[in-house]
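All of the numbers you see were taken from the coordinates with simple rules; none came from a lab. As the structure is a computational prediction, the values presented were derived from the model and not from experiment. When we count neighbours, we look across all protein chains shown, and the Cβ atoms used for this are built from the backbone with ideal geometry, even at glycine.
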Amino acid sequence: MRIGCHLLPWNHVLQEHGFLSQEADKVLNWLREAGFYGIEMGAHFIPEGKEQAVNEVLQSHGLKFEAAHMGVPYFTDAFTDDHMTFLLQKMERLKHAGANRVLFSTWGDQQSDVSRLADHVQALGEKAAEHQLSFSYHNHDHEFKGEQTLIRQLLAETSAAYVSVALDVGWVFRAGTDPADFMAEFRERISYVHLRDVRQNRFVEMGEGEMDIPALFAAMEGYVETATLEAEWGEAYSGTFSSVEASVRASLAYLETLKK
């Protein structure tokens, strides 16, 4: 299994300096030297009109652009259909930047029409396919609350040909569901995984939390080719390291012991 790394802990570098900066280049160089196969990042960090440059920078570091992540505040008052129209219009840019897949997520805690969300997700998946991009819905915990009603309805009302799940195992666990069990049931719909570990409802290094990570790797064996470490840094972090690089390196070292 190939292991990538989400640039989330270095978002402040991308926000302050930009992806094509020397500061970001140092991060990419460190990730490759640490042993990561590829990266994931927010799609909004791809500079407008500089998509090919993003592709070239990643190739120069020998890093695959595993996923570009987009999201909308669907379960809040702020959401409008314009959010989805904007994402549909930006899909082609992600292919030019070299992305292999598109991840889409939602947030908020209000009740909303899940069937309407499924229609939006299906449309995004079909648009991604037009540009030879894989498309996955990335979960947080709200999709798995209340007997997993939301995620199950979303999968039932979208086509497996266009919509898969990028399963974030840490958020699944925080919602009270065993991610290995969900993987076993929906194996055909899971193409990509975000790796985290959780202790007392906060994120820690892989192997330092309450999750059965070896069982997760066994559940993924044979059908998940790439998994991405998504390390939290800040208020949600409850690990033991004082630098994000030390934390990420410790998680990768643990994951390497589980790979077959």
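Brief remarks on what is shown
- Percent RCO, i.e. relative contact order, over the chain, from Cα pairs under 8 Å lying at least 6 residues apart: 17
- Reachable lysines, given that their alpha-carbon falls under 28 Å from the alpha-carbon of K64 and they are not under 8 places away in the same chain: K26, K50, K90, K95, K127, K259, K260
- Counting only DSSP beta bridges whose two residues both lie in the stretch 143-251, roughly 25 percent are antiparallel.
- Taking the DSSP bridge list for the chain and keeping only pairs wholly inside it, about 10 percent are antiparallel.
- Charge dipole (the stretch 1-113, unit charges on Cβ, about Cα centre) - positive-most of F75, L8, G38: G38
- Think of each Lys and Arg Cβ as +1 and each Asp and Glu Cβ as -1; about the Cα centre, that makes the dipole of the chain roughly 560 debye.
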